[in-house]
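Let me begin by presenting the structure, written as structure tokens, before commenting on it.
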Amino acid sequence: MSLTEHKKLSPRSMRVFFVTISDSRTEATDSGGKLAIDLIVSSGHTVAGYKIIKDEPLEVAALIRSIAEDKQADAIITSGGTGVSSRDSTYEAIVSLLEKQLDGFGELFRMLSFAEIGSAAMLSRAVGGIFRGLPIFATPGSPAAVRLALEKLILPELGHLGFEVKR
């Protein structure tokens, strides 16, 4: 089956749970989260949930497990906690859960980021993969990074990815 045929069979709309992982952001200051929700909805998908949690690996992993277990969403997207500071632990929390890693997501994200921000792109630990049949993407927390990840990579392939993980 060709890519075109796969995309024709792919769901047009998926339920996306968006999580902001931050020690300092609130709903009032979460501009990346607001942007993500706008982009998800404008691309035809549904926001199944939105939450802000601290960058605590056990809490991040527990939330992802809960969303998957309760079938609250068809995909999970997170922002924040993917850098290299001492508090950035989202990468470890999410990678520990993944059954399959989508290496191309992080590679392409860093390549596209390099075009925008230069060599600092190598500090990103953006990652994607599959957990219990759910696509999961962890993006950096800046609004520019959220926009790049969603517009250029995640949203154009989300339905196709949803189709593939259910086969």
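The values are calculated or read from the model by the stated rules, or taken from the named source; none is laboratory data. The structure displayed is predicted, hence computed values, not measured ones. Using ideal geometry, Cβ is built from the backbone for each residue, glycine included, and neighbour counts are taken over all protein chains shown.
Scan the range 147-154 and tell me whether some residue there is over 17 Å from Gly104 (Cβ atoms) and in a helix (DSSP H, G or I). There is at least one residue in the range 147-154 that is over 17 Å from Gly104 (Cβ atoms) and in a helix (DSSP H, G or I).
Residues that are within 21 Å of Leu155 (Cα to Cα), buried (at least 22 other Cβ atoms within 10 Å of the Cβ), touching a His at 6+ places or on another chain (Cβ under 9 Å) and not hydrophobic (A, V, I, L, M, F, W, C) are absent from the range 78-91 altogether. Just the residues that are outside any helix (DSSP H, G or I) and over 16 Å from the mean Cα position of the chain (by Cα), please, taken from the range 56-86. Listed by number, the residues that qualify are Glu56, Asp70, Lys71, Val84, Ser85, Ser86.
Cβ-Cβ contacts under 8 Å between residues 6 or more apart (or on different chains), taken from a first residue in the range 1-19 that is in contact (Cβ under 8 Å) with a residue 40 or more places away in the chain to a second residue that is of a type in the set (D, E, K, R) and surrounded by 16 or more Cβ atoms within 10 Å (Cβ to Cβ), are listed as Pro11/Asp74; Met14/Asp74; Arg15/Asp74; Val16/Asp74. Scanning the range 34-55 for residues that are without any contact (Cβ under 8 Å) to a residue 60 or more places away in the chain and part of a helix (DSSP H, G or I), we see that the one that is surrounded by the fewest Cβ atoms within 10 Å (Cβ to Cβ) is Ser42. The residue list Phe114, Phe131, Phe105, Phe137 contains one member that is of a type in the set (Phe, Trp, Tyr) and surrounded by fewer than 15 Cβ atoms within 10 Å (Cβ to Cβ), which is Phe114. Count of the range 1-32 residues, restricted to those that are in a loop (DSSP other than H, G, I, E, B), among the charged types (D, E, K, R) and touching a strand residue (DSSP E or B) at 6+ places or on another chain (Cβ under 9 Å), is 3.
Taking the conditions (1) surrounded by fewer than 16 Cβ atoms within 10 Å (Cβ to Cβ); (2) at pLDDT 95 or above in turn, Thr26 satisfies each one other than (2). In summary, Ser10 fulfils each of the numbered conditions (1) within 23 Å of Glu99 (Cβ to Cβ); (2) of a type in the set (Gly, Ala, Ser); (3) buried (at least 18 other Cβ atoms within 10 Å of the Cβ) with the single exception of condition (3).
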